[in-house]
Each structure stands twice: as C-alpha cells, then as structure tokens.
Amino acid sequence: MNTLTLATSNSTHTSAVPAVDRHRPLRLWLVELRKLVDTPAGIALLALAALLAGVFGGGVALVTDETTLDRIVRLAGIPAGILLPVLAALLATGDRQHRTALTGYALTPRRGQVLAAKAWAVISLAVVAWVLALLAGVLIAAVATPLVNHPIEWSINWTGQLWFALGLVLAALAGYAVGLVAGNAPAAVSILLAWPVFALFLGIVPQIAEVLAWLDINALAAFADGIEPVEVARVATGVAAWVILPGTVGVLRELRREVR
C-alpha cells in the first residue's frame, strides 16, 4: 500500500513539472520587436523616418541631373540610419524607464535571453528599414521619372547596397550598446545625437580628424568602392568603440544590476 501510494505520488509530481518552452526565444523576439514600434516615441520616429526618406530620396531625384536608383535608395535610407540608433537606445532603456524590468525578469529570469531578444529585434528592424528604403527608392524613381526632364537610370549596385544594409545594422547595434551602457534614455539619446555634430566640429582640426576617422562606424560605406586594409582596420576600431566595448560593459552591468 505504501509502495503504491509513493509511486502514485512520484508520478503525479513528475507530470506537474512544466515542459521547457522551446518557443520562448521567438516569443521574446516578437515582444521586443513590438516594443520598438508600439510606443508613442517609436511611432513618431518611424513616421519621421518615412517622411524624411521621401524628402531625401525625392529631393535628389528632382534636383540632380544624373540620378540613379542606387543613389535614391541610399539617400532615402539616411534618415533610418540616424533614427534607428535612437529607437534601439529607447528599447535598451525602456524597461528601466517604465519600471517594467521587474515584471519582465520575473517572467524570464534569464536576463541574457531578454537582452539577446532585444538585440535581434534591433537587427530585424534595421533590415526592414533597408528593405523599405529599396521600396521607397523604386516608388520615388517611378513617380519622378515623368516629372523631370532628365532620365533616371534604373541601376543599382547590390554589393554597395549590402554594405549599406550592414551599416544600418551596425548603427542600430551601436545605439543599443550605448543605451545599455548609459542606463537611461536621455543620456543615450543625447550621446547619439550630439556626437556627429561634435565630431564634425572637432574634425576641423586635421590631427583630430585623423583620430576621429578611426572611431567612425560609418566607415563601412567605403567598402562599396573596394576593400582596403586601412578601411578594414578603421571599421574594426569603430565597431569596437561603438558596439563591442559599450555593449560588453552594458550587458555585464545589466546582468548584475539590481532590479527595481
């Protein structure tokens, strides 16, 4: 009787153990991706990026005499390259800012999974932004062709476009890394928006300009014209300064930081 009771108890206890949720990474990715676009700030930034994409791409199609589809796409994607890091920083700091980190980490105790899901969401949005820039370029070229006196060349450099897409991904990851290491949205956004202006101002001095060239994450765009060893080194230092170093510090800080 005791043996039967013990066996039944063990069987009941075993069946009560919850199964491992194999779809959790996918669910976390979808949740974090929704956080990027389902907030007032996210909606406003995405709308601004779409508006500026039309202004930049349409402007070059209407003003420049010799225009190619490749150039229109690149200019249409410039606003995304500026605003994607801001969105990524807002995602990195959003849980702390809105005091939802405690609930999130209670549902997913492994913080590394949450941080990885945020990173994949940022990467996904950058790829989508590039695809939308391509579509915007095609639409702008089709609409502008009958409106201008000069022909628009429907040619595109796919190698250069892939480097451009990778540049958008790195810019978004840089914003995510800065958001993690800064710990709050105002500081992260201030750094991301002020640094280009600050670097442009300091670049007036030739000696400082040479140093800043090794901290430019946008140096990847030069790969479209051929890959040189010096350019590879500059991209490596830029990625290390803006993605790897702040990202590592920010992740370690987030893993050990007290949740409130």
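The values are calculated or read from the model by the stated rules, or taken from the named source; none is laboratory data. On a predicted model such as this, the values are computed, not experimentally measured, just so you know. Neighbour counts run over all protein chains shown; Cβ positions are idealised from the backbone, glycine included. Each accessible area value is taken on the protein alone, full model and side chains, heavy atoms only, with ligands, DNA and RNA left out. Shrake-Rupley method; radii C 1.70, N 1.55, O 1.52, S 1.80 Å.
Has region 136-157 got any residue that is within 30 Å of ARG253 (Cα to Cα), among the hydrophobic types (A, V, I, L, M, F, W, C) and without any contact (Cβ under 8 Å) to a residue 60 or more places away in the chain?
The initial filter retains those residues of region 136-157 that are within 30 Å of ARG253 (Cα to Cα), namely none.
Looking through region 136-157, none of the residues is within 30 Å of ARG253 (Cα to Cα), among the hydrophobic types (A, V, I, L, M, F, W, C) and without any contact (Cβ under 8 Å) to a residue 60 or more places away in the chain.
Condition check: open to solvent by less than 70 Å² (accessible area, probe 1.4 Å) and of a type in the set (A, V, I, L, M, F, W, C). Does ILE208 satisfy that? Criteria met by ILE208.
Do we find a residue being of a type in the set (Phe, Trp, Tyr), farther than 19 Å from VAL86 by Cα and part of a helix (DSSP H, G or I) anywhere in region 232-244?
No, region 232-244 has no match at all.
Against the numbered list (1) within 25 Å of ALA80 (Cα to Cα); (2) part of a helix (DSSP H, G or I); (3) among the aliphatic types (A, V, I, L, M); (4) open to solvent by 40 Å² or more (accessible area, probe 1.4 Å), LEU255 comes up short only at (1).
Just the residues that are more than 18 Å from TRP130 (Cα to Cα) and under 16 Å from the mean Cα position of the chain (by Cα), please, taken from region 39-52. Explain how you work it out, then say what you get.
Narrowing region 39-52 to residues more than 18 Å from TRP130 (Cα to Cα): 39-41, 44.
Within region 39-52, just ALA41 meets the criteria.
Filtered by the rule that a residue be at pLDDT 80 or above and not β-branched (Val, Ile, Thr), region 41-56 gives ALA44, LEU45, LEU46, ALA47, LEU48, ALA49, ALA50, LEU51, LEU52, ALA53, GLY54, PHE56.
Set side by side, the residues ALA199, ALA194, ALA165 differ, and just one is open to solvent by 50 Å² or more (accessible area, probe 1.4 Å) and of a type in the set (Gly, Ala, Ser), which is ALA194.
Residues of region 214-244 that are among the small types (Gly, Ala, Ser), under 23 Å from VAL181 (Cα atoms) and out of contact with any helix residue (DSSP H, G or I) (no Cβ under 6 Å at 6 or more places or on another chain): ALA236, ALA240.
Is one or more of the residues making up region 136-149 surrounded by fewer than 21 Cβ atoms within 10 Å (Cβ to Cβ) and within 18 Å of ILE43 (Cα to Cα)? For region 136-149, residues surrounded by fewer than 21 Cβ atoms within 10 Å (Cβ to Cβ) and within 18 Å of ILE43 (Cα to Cα): absent. Among the residues of region 27-45, just one is open to solvent by less than 50 Å² (accessible area, probe 1.4 Å) and among the acidic types (Asp, Glu), namely GLU32.
In this structure, is ARG234 surrounded by 14 or more Cβ atoms within 10 Å (Cβ to Cβ) and of a type outside the set (A, V, I, L, M, F, W, C)? Steps first, answer last, please.
Working: surrounded by 14 or more Cβ atoms within 10 Å (Cβ to Cβ): yes; of a type outside the set (A, V, I, L, M, F, W, C): yes.
Considered against the rule, which asks whether it is surrounded by 14 or more Cβ atoms within 10 Å (Cβ to Cβ) and of a type outside the set (A, V, I, L, M, F, W, C), ARG234 comes out as yes.
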